[in-house]
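The values are calculated or read from the model by the stated rules, or taken from the named source; none is laboratory data. As the structure is a computational prediction, the values presented were derived from the model and not from experiment. Neighbour counts run over all protein chains shown; Cβ positions are idealised from the backbone, glycine included.
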């Protein structure tokens, strides 16, 4: 039986993406909390030995490391034939969604959220206005990508939904407006049996 360990933290939407995908797919694994706010050198030795930037998420499958949330999601889909990985068309859709998320909505929302935590410290003048302007475009494209289906992969969620969920789950906390379609998608994602809060994905023991 494969030994699968996910290292993450509840403040990392990137780690939440992977935790949700593993639970949606019913893949047995262990979640290990890494304190991302502590000095990196205080993090677990096994984690540091396998995460080149000492960042979460890190997924270990039988001691083979996988890093970068989008790449991990694609590995899960292809390796286990799940969440869009069942077909060539599903894998193509997954790649398109994950690359869009990483370059667009998954770039601006984490920065806006972090800026709020640090009261804008370190953000150049005008940068937050630029990030909000990007998000205004991204939320309209969110609606176009979703179309009329309940999930980005159609009738059931896939790894693309997990990727987009990573930071869209916090739109209210971040203080940005959601479109009506986005709000309904958030409600559907929240109702999934495998869904947990970030703190429940990575509990502090």
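Remarks
- The one condition in (1) under 14 Å from the mean Cα position of the chain (by Cα); (2) without any contact (Cβ under 8 Å) to a residue 40 or more places away in the chain that residue 172 fails to fulfil: (1)
- Criterion (crowded, with 19+ Cβ neighbours inside 10 Å, over 27 Å from residue 174 (Cβ atoms) and under 15 Å from the mean Cα position of the chain (by Cα)) met by exactly one of 66, 7: 66
- Checked against the criterion of being outside any helix (DSSP H, G or I) and surrounded by 14 or more Cβ atoms within 10 Å (Cβ to Cβ), the candidates 196, 181 yield just one match: 196.
- Residue within the range 112-129 that is surrounded by 17 or more Cβ atoms within 10 Å (Cβ to Cβ), within 18 Å of residue 17 (Cβ to Cβ) and in contact with a helix residue (DSSP H, G or I) (Cβ under 9 Å, 6 or more places away or on another chain) present: yes
- Candidates 28, 15, 19, filtered to the one that is touching a strand residue (DSSP E or B) at 6+ places or on another chain (Cβ under 9 Å), closer than 19 Å to residue 81 by Cα, assigned to a helix (DSSP H, G or I) and assigned by TED's automatic domain parsing to the domain that holds residue 68: 19
- Where helices (runs of 4 or more DSSP H) sit wholly within the range 72-153, those with at least 3 residues that are under 30 Å from residue 50 (Cα atoms) occupy 88-103, 105-117.
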